[in-house]
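The values are calculated or read from the model by the stated rules, or taken from the named source; none is laboratory data. Note that the structure is a prediction, hence the values are computed from the model and not measured. With ideal geometry, Cβ positions are generated from the backbone for all residues, glycine too; neighbour counts draw on all protein chains shown. For the accessible areas, the whole protein counts, side chains as well, though only heavy atoms, and no ligand, DNA or RNA atoms are used. Shrake-Rupley method; radii C 1.70, N 1.55, O 1.52, S 1.80 Å.
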Amino acid sequence: MDLDQFLKLFNPLPGNCYMQVTTNPDDTTTALGELMQKVNGELRVVYYTEDQDSFGALNVEKKQQVDNFLKPFRALPRDNDVVIFQEILSQHTKPEQLVKIAYTTLANAAHIIIMEKKGNMDIEATIDMLDRFEFRSPNYIDNVVEGYDLVMAKKLHMWGNGL
């Protein structure tokens, strides 16, 4: 999988923390981990799986297992510079709860990225949901990762929920 276009979405700085919330760690996970290592940053992966062996085999320093789609993930306020949801919002029973957690854990001027398999995401509804949770400048970006639709937005300082 060619991930050059995907990696151009990111500009990590030393000490940055990125979080990927996913049901399927894949080449994007590996590429993000390598990107963050180059700048002495950190990739945190939240893996929605019941399979303990798959979770154990995930090769990242910071990982969290969530065993079903009824539960939220854990994250500290203003502790992440990017949150990437990959193949999770379409499956979780409360996607709005996950977006709210992302808003809380993101630093100011940080990005949220939502990736879903092509055809699984209602793009307009996703953009509307991001707007309701005070994310700004939502954009649909096509052909960044083969087989995925991608929406990206930004949390801005002093907008919305005050965090």
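Using Rg and Dmax of the Cα atoms in Å as the read-out, say which of (1) 14.6, 43; (2) 16.9, 51; (3) 18.0, 61 was calculated from these coordinates.
(1)
Specify which residue in the list LEU35, PRO14, LEU76 is farthest towards the positive end of the charge dipole of the stretch 1-99, using unit charges on the beta carbon of Lys, Arg (+1) and Asp, Glu (-1), about the Cα centre.
My answer, from the dipole projection, is LEU76.
Given LYS38/LYS118; LYS38/LYS94; LYS94/LYS155; LYS62/LYS118; LYS38/LYS100, which pairs have Cα atoms separated by over 27 Å? Write down the numbers at each step before the final one.
Numbers: LYS38/LYS118 30 Å; LYS38/LYS94 35 Å; LYS94/LYS155 21 Å; LYS62/LYS118 29 Å; LYS38/LYS100 30 Å.
Violating the 27 Å Cα-Cα cut-off are LYS38/LYS118; LYS38/LYS94; LYS62/LYS118; LYS38/LYS100.
By how many nm would the segment from THR104 to TYR140 lengthen if fully extended, with 0.36 nm per residue of separation less the alpha-carbon distance? Don't skip to the answer; put the middle values down first.
On the way: separation 36, 0.36 × 36 = 12.96 nm, distance 2.24 nm.
Taking 0.36 nm per residue and subtracting the Cα distance, the gain is 10.7 nm.
Measuring from label point to label point, each 7 Å out along Cα→Cβ, what is the LYS71 to LYS38 span in nm?
Modelled inter-label distance: 3.5 nm.
For the chain, report the accessible area per residue in Å² (1.4 Å probe, heavy atoms, rounded to an integer).
Working: 8340 Å² over 163 residues.
Per-residue value: 51 Å².
Percent of accessible area on the chain owned by carbon and sulfur, 1.4 Å probe? Present the calculation step by step, with values, prior to reporting the outcome.
Numbers: 3880 of 8340 Å².
Carbon plus sulfur share of accessible area: 47 percent.
Evaluate E = 1/(1 + (r/R0)^6) for ASP51 and ARG78, where r is the Cβ-Cβ distance and R0 equals 35 Å; express this FRET efficiency to the nearest 0.05.
Numbers: r = 32 Å, r/R0 = 0.90.
According to the calculation, E is roughly 0.65.
Under a Cβ-only charge scheme (Lys and Arg +1, Asp and Glu -1), can you give me the dipole magnitude of the chain about the Cα centre, in debye to the nearest 20?
I would put it at about 720 debye.
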